[in-house]
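Below you'll find the structure, written out as structure tokens, and then a few comments.
Just so it is clear, none of the values below were taken in a lab; they were calculated from the coordinates. Keep in mind it's a predicted model, so treat the numbers as computed, not measured. As a convention, Cβ positions derive from the backbone with ideal geometry for all residues, glycine included, and neighbour counts pool all protein chains shown.
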Amino acid sequence: MSQAPQPHVYSPREVEAAAQADWRARDAYRVTEDANKKKFYACSMLPYPSGKLHMGHVRNYTINDMLTRYLRMNGWNVLMPMGWDAFGLPAENAAMKNHVPPAKWTYDNIAYMKKQMQAMGLAIDWSREIATCKPDYYKWNQWLFLKMLEAGIAERRTQVVNWDPVDQTVLANEQVIDGRGWRSGALVEKREIPGYYLKITQYAEELLSAVSNPDDPNYLAGWPERVRLMQENWIGRSEGVRFAFTHDIRGEDGELIQGGRLYVFTTRADTIMGVTFCAVAPEHPLATHAARSNPTLAAFIEECKKGGTTEAELALKEKEGLPTGLAVTHPLTGEPVEVWVGNYVLMSYGDGAVMGVPAHDERDFAFARKYGLPIKQVIAVEGETFSSEAWAEWYADKQRGRCVNSGVLDGLDHKAAVDKVAELLAAQGLGEKKTTWRLRDWGISRQRYWGTPIPIIHCESCGPVPVPEKDLPVVLPEDLIPDGSGNPLNKCESFLKVDCPQCGQPARRETDTMDTFVDSSWYFMRYCDPTNDDRMVAEGTQYWMPMDQYIGGIEHAILHLLYARFWTKVMRDLGLVKVDEPFKRLLTQGMVLNHIYSRRNEKGGIEYFWPHEVENLYDEHGKIVGARLKSDGSPVTYEGVGTMSKSKNNGVDPQDLIDQYGADTARLFTMFASPPEQTLEWNDAGVEGAHRFLKRVWNFGMKQAETIRAAQPAPCWGEAARALRREVHSLLKQIHYDYERMQYNTVVSGTMKLLNALESFEPAGDGASAAMREGFGILLRALYPACPHITHVLWQQLGYAAELGDLLDAPWPQVDEAALVLDEIELVLQVNGKLRGSLKVPASADKAAIEAAALASPEFARFGEGKPAKKVVVVPGRLVNVVV
């Protein structure tokens, strides 16, 4: 075992280099499957290789590392892998900016970020490293996609999408901001284009149950409640009635449009008698039909096609509409109902049409008021007065409402009215009760270059043909450079040209690539079998999955986690894995925040300043109320704290921190400053404080080195040794508890208290040096998961390794319950309820012994004024009061 240097002063550079050299030489973090050990799979969400780690990465991975090291000391076989979410649009943007292939930019970034991670001393098994842009990984994306096609889980179909006319690509809803492409700024268009969709909706019930039903055997009890709720809302189960308004509107072919039925879905069938209009999506067949003879309507529909397709975005838009001049028939009253086109109706949700009940839906009420449409009350609440002039919350009250002005429904409550409406509609063959879902099938086609090629060949004779399994992977050429004019694969003849696998005629490859959420939906399984060329997953996955602890940001709480859960269920149904849910426990770590300073420049733009460039101004309460530049004293605006960002000059480069203070300091501060799940506010003074603490640990170890090395087991403990051991083991008990609940900030504070106890210990009497050795050994093991370098070197230098083995696998210290037993306790002593001193008695003293000791005390003799005691009140463990 290598011996680290012993500098007189703490030198993080030397200490950390020595520790890491030792770990590398022994390949200390390689993990293998071991049926004789209890396994634990702890994984952080894999990063995008953007170029540099940020402090959020440092925090995330240190949380994982502390868990891994602690469990390994407790005898677990722990897997902590790492990889790279390496495909995606940012690499293309960087390629355009720097005129280099995305592959080169990506691989260079991976190399640099991996070096930074290794400098942090993370216990990662790098033999399992994966990069999602490598063919040996994305081959299995393609393979499983083909299996999904065979099983009917994947299909090709046409659907309305967000199209960026400048970037020539489909945008996800989240990439449309104020109707414009997030990168190009171009007005987004809605287009119907063919693409591949994965039928996640087939799994909606199962996906929902595990986040909403505690009785489900797969219920995700180890997930934060708010994440379960976010998933539940995204899946969006609604129970209601789907029914049709009939019509005789015919298309140019003379056929009834949609069979003469306009279908809608509603959760408020009890309000059906209040329908005064229907609204259809701009892409609805009735809207298209009406627009052919109505130029104004046609122009309105084209305008509606600009902008995003998210419910959230549409909710914020001004509700606008135009009449089509068409009418449908109310299924229960037989009355005509006007059909409007509404910019707030999505074709991709339900049937692309909604019934308008202005009196009992706030959105419909505003729409009707705007366009002068009838508002008909059909729900009443006792004691309330309805007015069509202003909306009131009770208009939509399902609990208290009763039907009025509704014929056979009058007097019925919500549930009874819905049941009755469903019965009446079913009798006519026009409707039925139905459960609908907000969740939509997952469109994975992207008109981008840097992603997994979709393994399809297009043949003029045979149509879309799957690539034969023997020809996988379809390898993405890595030497192309995007230029902003669309997908460069469309111009790459060597990629495009291929013979049809079915007929042998010349054909062309699909140039769409897969959504990068595909890459991150199963990478955690590939870690378990990273080098298997013959199978997507194998014995390693059977051993390690499900994952025991997943760690990542709340920003991935919906889509990534939902898609990963779906992908796991598909793999289960195809016989590849045996688990129903991939992640047993989830920790969403808080963001790292820092102060933000800015001011507007002469041109009206905002200029940001680094925190070290400014001096804060405080009020009388110590609150920051402003700031000024150190350079010239000019004022700047203090914006408070916000997420660290390069654009706002408030980030902290982890490499700078490591270079100045060492990795252990960076790790210690991020763990100590805040509980893992809460936001962390950056504090330079806190970083310096963490560094000072580590210097104290080092200096104490060096100062007491000879005492600790020479200490022999104690045959008995003197009073001083017993007092130290009592404090050390009491703190160890709390630290152990905090490790178990992953409250690492209080773990660190516990180690600080341990050092305080050791520093204030004055060795004297039997067992003093043994107590010192034991106490410092406990401190090193308790601190080790947070600060592995300094503790590793001290553990070796002070002789602990020779006794207990390397710190990495040294046994976790056990609390000696006997050390916690007090020989003597101190009670508050009162005379007539007034504090008069204290009373020391044996810990085993009973009530009679305590009373006798109180009566024999000099305090009672002095303050009892010679009077006999009337009674003695004993509060066990706290006080004794003598009443005279």
* Applying the Karplus parametrisation 6.51 cos²θ - 1.76 cosθ + 1.60 with θ = phi - 60° to the phi angles of the range 52-57, what ³J(HN,Hα) value in whole Hz is obtained for each residue in order, glycine and proline being reported as x? -> 9, 5, 10, 5, x, 4
* **0 to 90° range, to nearest 10: angle between helix 719-740 axis and the chain longest Cα axis** => 10 degrees
* **Pair residue 178, residue 129: separation of 7 Å Cα→Cβ label points (nm)** => 4.2 nm
* Count neighbours as other Cβ atoms within 10 Å of each site's Cβ, and list the trypsin sites (Lys or Arg not before Pro) in the range 1-104 that are DSSP loop with at most 15 such neighbours. => 30, 37, 38, 52
* Toward the positive end of the charge dipole of the chain, about the Cα centre and with charges on Cβ (Lys, Arg +1; Asp, Glu -1), which of 728, 879, 439 goes farthest? -> 879
* Hey, if you put +1 on the Cβ of every Lys and Arg and -1 on every Asp and Glu Cβ in the chain, which of 182, 35, 67 ends up farthest toward the positive end of that dipole? -> 67
* Asked: Residue separation times 0.36 nm, minus the C-alpha to C-alpha distance between residue 302 and residue 99: what's the value?
  -> 69.4 nm
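Filter the chymotrypsin sites (Phe, Trp or Tyr not before Pro) in the range 371-458 down to the DSSP loop ones having no more than 12 other Cβ atoms within 10 Å, then list what survives.
Working: sites: 371, 386, 391, 394, 395, 437, 442, 449, 450; in loops: 386, 391, 449, 450.
Within the range 371-458, no chymotrypsin sites (Phe, Trp or Tyr not before Pro) qualify (loop, at most 12 other Cβ atoms within 10 Å).
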* **Spatially proximal lysines relative to residue 420 (Cα-Cα < 23 Å; intrachain offsets below 8 disregarded)** => 376, 398, 433, 434
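Using a 10 Å cut-off around each Cβ, can you sort 884, 474 from fewest to most neighbouring Cβ atoms? Don't skip to the end; give the middle numbers.
Values: 884 14, 474 20.
So the residues, fewest neighbours to most, are 884, 474.
For the residues 384, 320, what sequence is obtained by ranking on other C-beta atoms within 10 Å, fewest first?
Working: 384 13, 320 16.
Sorted ascending by nearby Cβ count, the order is 384, 320.
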* So how do 181-187, 726-732 stack up, highest first, on mean other-Cβ count within 10 Å? -> 726-732, 181-187
* Asked: Roughly what angle does helix 768-783 make with the longest principal axis of the chain, taking Cα atoms, 0 to 90 degrees, to the nearest 10?
  -> 10 degrees
* Asked: Where the centre of each part is set by its Cα atoms, how far does the range 410-462 sit from the range 112-143, in angstrom?
  -> 39 Å
* To do: Place the peptides 844-857, 745-758 in order of packing, highest mean first, counting for every residue the other Cβ atoms within 10 Å and averaging per peptide.
  => 745-758, 844-857
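With r defined as the distance between the Cβ atoms of residue 613 and residue 883 and R0 fixed at 45 Å, what FRET efficiency is calculated, to the nearest 0.05?
On the way: r = 68 Å, r/R0 = 1.51.
About 0.10, to the nearest 0.05.
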* Asked: Which of the aspartates and glutamates could a cross-linker span from residue 39 if the Cα-Cα distance has to be under 20 Å and same-chain partners fewer than 8 positions apart are dropped?
  -> 27, 65, 125, 129, 529, 539, 548, 580, 581, 740, 809
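In debye to the nearest 20, how big a dipole does the range 824-883 give about its Cα centre with +1 on each Lys and Arg Cβ and -1 on each Asp and Glu Cβ?
Numbers: 9 positive and 6 negative charges, 54 e Å.
Dipole size: approximately 260 debye.
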* What pairs from 114/584; 38/753; 52/491; 52/648; 37/115 go past 25 Å between their alpha carbons? -> 114/584; 38/753; 52/491; 37/115
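With r defined as the distance between the Cβ atoms of residue 17 and residue 150 and R0 fixed at 56 Å, what FRET efficiency is calculated, to the nearest 0.05? Present the calculation step by step, with values, prior to reporting the outcome.
Values: r = 53 Å, r/R0 = 0.95.
Result of the calculation: an efficiency of 0.55.
Quick one: compute the contact order of the chain, relative version, from alpha carbon pairs under 8 angstrom and 6+ residues apart, as a percent. Don't skip to the end; give the middle numbers.
Numbers: 1611 pairs, mean separation 118.2, N = 884.
Relative contact order of the chain: 13 percent.
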* Could you please rank 229, 208, placing first whichever residue has the fewest other Cβ atoms within 10 Å of its Cβ? => 229, 208
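Stretch residue 366-residue 818 to full length: gain in nm at 0.36 nm per residue minus the Cα-Cα span?
Details: separation 452, 0.36 × 452 = 162.72 nm, distance 7.35 nm.
Here the answer is 155.4 nm.
If you count the DSSP beta bridges with both ends in the chain, what percent of them are antiparallel, to the nearest 5?
Numbers: 88 of 112 bridges.
Roughly 80 percent of the DSSP beta bridges within the chain come out antiparallel.
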* Asked: Hey, got a sec? Which trypsin sites (Lys or Arg not before Pro) in the range 595-690 land in a DSSP loop and have at most 15 other Cβ atoms within 10 Å?
  -> 603, 623, 630, 646
* Can you give the angle from 0 to 90° between the axis of helix 12-26 and the longest principal axis of the chain, with both taken from C-alpha atoms, to the nearest 10? -> 70 degrees
* Structure fact -> Expected vector for the range 333-344, Karplus 3J(HN,Hα) from phi with 6.51, -1.76, 1.60 and θ = phi - 60°, integer Hz, x for Gly and Pro, equals 9, x, 7, x, 10, 5, 10, 10, 9, x, 6, 9
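Tell me the mean residue ellipticity at 222 nm calculated for the chain from its helices only (DSSP H runs of n ≥ 4, each -39500 (n - 2.57), averaged over every residue, nearest 500).
Working: 28 runs with 307 residues, N = 884.
-10500 deg cm²/dmol, from helical runs alone.
Summing Lys, Arg as +1 and Asp, Glu as -1, what charge do residues with Cβ under 10 Å from the Cβ of residue 73 carry, residue 73 excluded?
+2
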* Local electrostatic count at residue 725 - Lys and Arg +1, Asp and Glu -1, tallied over other residues with Cβ under 13 Å -> -3
* Structure fact -> Stretched fully, the stretch from residue 256 through residue 867 gains (0.36 nm per residue minus C-alpha distance, one decimal, in nm) 209.0 nm
